[in-house]
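Encoded as structure tokens, the structure appears first; notes follow it.
The values are calculated or read from the model by the stated rules, or taken from the named source; none is laboratory data. Since we're looking at a predicted model, the values are computed, not measured. Heads up, the Cβs are rebuilt from the backbone with ideal geometry, glycines too, and the neighbour counts pull from every protein chain shown.
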Amino acid sequence: MPEYYGGITVKIGDGAGTEVFSNLEKVTDVSGLGVTNSLIDVTSFDSNGSMEYIPGLADGETISVECNQVLDATVQLALIADVVGGTQSRNIEIVATDGVNTTTYSMAVVPLSYTANPSISDKNTLSFSLKISGAIMAA
């Protein structure tokens, strides 16, 4: 029996008081969901000639999202407008499923960039870069 690979849905919040999340259309790839802890050097004269570290503050990664471009896709266009307009923060949800179990990752992001990738011989795509700002909550 083949293994079910599941799926990913990226949802973008509208920023309203009772926030509504809408699916980003035609997502084909998501990467970079996570954090990296910075290192704090705590080496002292008692460190026996070796560097010693402790974890510092977590810094969210930059998420890359790839989509098949749909010219009238409202959420794709809204995310492009966020980048162009310098939106400081947008709430998103990334929903992962294996067909049985579901995990929703919720976080704030800074919309950094978009790139249109037109093609004569293949599909037209859009790439978005979103910097995680703050904690990632998983439920």
| Based on what the data block shows, is residue 44 surrounded by fewer than 15 Cβ atoms within 10 Å (Cβ to Cβ), among the small types (Gly, Ala, Ser) and over 28 Å from residue 115 (Cβ atoms)? | yes
| said: Just to verify a result, which residue in segment 58-92, among those that are of a type in the set (D, E, K, R) and more than 17 Å from residue 26 (Cβ to Cβ), is surrounded by the fewest Cβ atoms within 10 Å (Cβ to Cβ)? | reply: 59
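Scanning segment 1-22 for residues that are part of a strand (DSSP E or B) and loosely packed, with under 14 Cβ neighbours inside 10 Å, which turns out modelled with the highest pLDDT?
Filtering first and then ranking leaves 22.
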| Any idea which of (1) outside any strand (DSSP E or B); (2) closer than 22 Å to residue 136 by Cα; (3) among the aromatic types (Phe, Trp, Tyr) is the one residue 105 doesn't satisfy? | (1)
| note | Result of the Cβ filter at 9 Å on segment 26-45, keeping first residues that are free of Cβ contacts under 8 Å to residues at least 24 places away in the same chain and partners that are among the aromatic types (Phe, Trp, Tyr), at least 6 apart or interchain, is 39/53; 40/53; 41/53; 42/53; 43/53
| field | Selection count, segment 84-102, where residues are assigned to a strand (DSSP E or B) and either touching a residue at least 24 places away in the same chain (Cβ under 8 Å) or touching a Leu at 6+ places or on another chain (Cβ under 6 Å) (or both) | value | 8
| query | When residue 127 is evaluated against the numbered criteria (1) surrounded by fewer than 16 Cβ atoms within 10 Å (Cβ to Cβ); (2) in contact with an Asp or Glu (Cβ under 7 Å, 6 or more places away or on another chain); (3) among the polar types (S, T, N, Q); (4) under 15 Å from residue 60 (Cα atoms), which criterion, by number, is the only one it fails? | reply | (4)
| Can you tell me which of 123, 131 is touching a residue at least 24 places away in the same chain (Cβ under 8 Å) and within 16 Å of the chain's Cα centre (by Cα)? | 131
| said: Looking only at segment 51-83, count every residue that is under 21 Å from residue 122 (Cα atoms) and either part of a strand (DSSP E or B) or touching an Asp or Glu at 6+ places or on another chain (Cβ under 7 Å) (or both) and tell me the total. | reply: 8
